[in-house]
Amino acid sequence: MSNSNEASSSKMEEDVPPQDMTSKDYYADSYAHFGIHEEMLKDSVRTGSYRAAIMNNGHLFKGKTVLDVGCGTGILSMFAAKAGASHVVGIDMSNIIDQAQKIIEANGFKDSITLVKGKLEEADLPIKEFDIIISEWMGYFLLYESMLDTVLVARDKYLKPGGLIFPDNATMYIAAIEDQDYKDEKINFWDNVYGFDYSCIKDIALREPLVDTVDLKAVVTDPCVLKHIDLLTVKKEDLAFTAPFTLTATRTDCTYDAHAFLAWFDIQFQCTHKKVNFSTGPHAQYTHWKQTVFYTPQTVTLTEGDKISGQLTCSPNERNNRDLDITISYSTNDEANEVTMNYKMCVFFLVILYSPVFLLPFSSFVNRASPLFLMTPRPSLPFLSMLTANVRS
Ligand SMILES: C[S@@+](CC[C@H](N)C(=O)[O-])C[C@H]1O[C@@H](n2cnc3c(N)ncnc32)[C@H](O)[C@@H]1O
């Protein structure tokens, strides 16, 4: 195992010192800028949960080899080293790993953590079998632009039989919400723009899920589990799936309307002695993943006890497997007329303005309270995906 001043490099794009990087470099290497890591590190639900899962379970880490897939600034590697791992290998394809190398040295982990720069799929790691894999791989809607495929490659290539994965389980949920005001602002707006009919854009806008925080009061049905993922056993093919759901209207007012479906996920570290879980749902503390809103073409009128039944299909887009094609079909109270809506979670150009990297130059004259400043995308997406998303503050 080598511990040089630079993270050892497998296959890597041209290295540019951080002070010389331009927007072109950040476009190619979305994780190179510290801002994206700042936002992830400051997500205390996320980072605190990993810290609790690792550091409160020293008996699982003591004397064990640990692989940190997508180590970023090295935070999870340092938690594992502090928890007693015999050696940690952190790998990351982004130039942020050069900062990670300085960070582990500054914190006295030079001998217990080895960093490798490169793509996990192409790397030649200094240890060939690990007791534990740790990784923060989750994307919007859990699977959008997520690195789960990479973690599965790492599991199949490097995890010892009986080894552990942190986290080891993820569960996706769906519910229906009342969201008239924001639907008017974002979707119905296109019906009448300064007196003109822009409704062709309304149809496109409807098909783009919106990443947003939703007030628990807006949820008008009980939630339903869409998909459970056990990281020890799941296969890449399982990540394209169709899941049925039935939602029961819970609000006791007479009749009310639902305007959208809402999805979120929970993360579990089930192998831990002191169980650690966190949720990205509307009932839970804010995380940078927020929730994902899928507006329905028509409102769904409900009274308490009504059922919305349907299915959600999710698969990578054929032309760009970073994008997700999501179809939701549903009907109310077993009515024959089923509605089917196709959504696409995809990259789109305008939100480049919302990325932390591109906001930085503006930040001196954008008021902190302004929606533009607050409209940061989820950070754990590669840069192209920073261009993503209907992300609202
Ligand atoms: C969500 S960040 C997590 C960073 C860090 N582990 C943390 O928790 O703060 C994911 C990291 O994985 C890296 N990554 C994504 N795909 C990768 C791959 N195929 N091989 C190596 N690193 C990868 C990215 O560059 C990014 O730094």
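The values are calculated or read from the model by the stated rules, or taken from the named source; none is laboratory data. None of the values given here were measured: they were computed from a predicted structure. Heads up, the Cβs are rebuilt from the backbone with ideal geometry, glycines too, and the neighbour counts pull from every protein chain shown.
Write out, first by first residue and then by second, each pair whose Cβ atoms fall under 8 Å of each other, whose residues are 6+ apart or on separate chains, and whose first residue, in the stretch 57-76, is within 16 Å of Ser112 (Cα to Cα) while the second is charged (D, E, K, R) and within 16 Å of the ligand (Cβ to nearest atom).
So the pair list comes out as Cys71/Asp92; Gly74/Asp68; Leu76/Asp68; Leu76/Glu136.
(1) free of Cβ contacts under 8 Å to residues at least 12 places away in the same chain; (2) within 11 Å of the ligand (Cβ to nearest atom): which one isn't true of Trp137, the others all being true?
Among (1) free of Cβ contacts under 8 Å to residues at least 12 places away in the same chain; (2) within 11 Å of the ligand (Cβ to nearest atom), Trp137 violates only (1).
Sort through His37, His59 and tell me the only one that's more than 13 Å from the ligand (Cβ to nearest atom) and either surrounded by fewer than 20 Cβ atoms within 10 Å (Cβ to Cβ) or farther than 17 Å from Phe130 by Cβ (or both).
Criteria check complete, one pass: His59.
Phe79 passes all but one of (1) more than 10 Å from the ligand (Cβ to nearest atom); (2) modelled with pLDDT of 95 or more; (3) over 20 Å from the mean Cα position of the chain (by Cα); which number fails?
The failed condition is (1).
Could you grab me the full set of residues in the stretch 40-56 that are near the ligand (Cβ under 8 Å from one of its atoms) and in a loop (DSSP other than H, G, I, E, B)?
The initial filter retains those residues of the stretch 40-56 that are near the ligand (Cβ under 8 Å from one of its atoms), namely 40-41, 46-47, 50.
None; the set is empty.
One line per residue, one yes/no per condition, for (1) surrounded by 12 or more Cβ atoms within 10 Å (Cβ to Cβ); (2) of a type in the set (Lys, Arg); (3) touching a helix residue (DSSP H, G or I) at 6+ places or on another chain (Cβ under 9 Å); (4) over 21 Å from Thr301 (Cα atoms):
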position	(1), (2), (3), (4)
Trp190	yes, no, yes, yes
Gly195	no, no, no, yes
Val220	yes, no, no, no
Cys224	yes, no, no, no
Lys235	no, yes, yes, yes
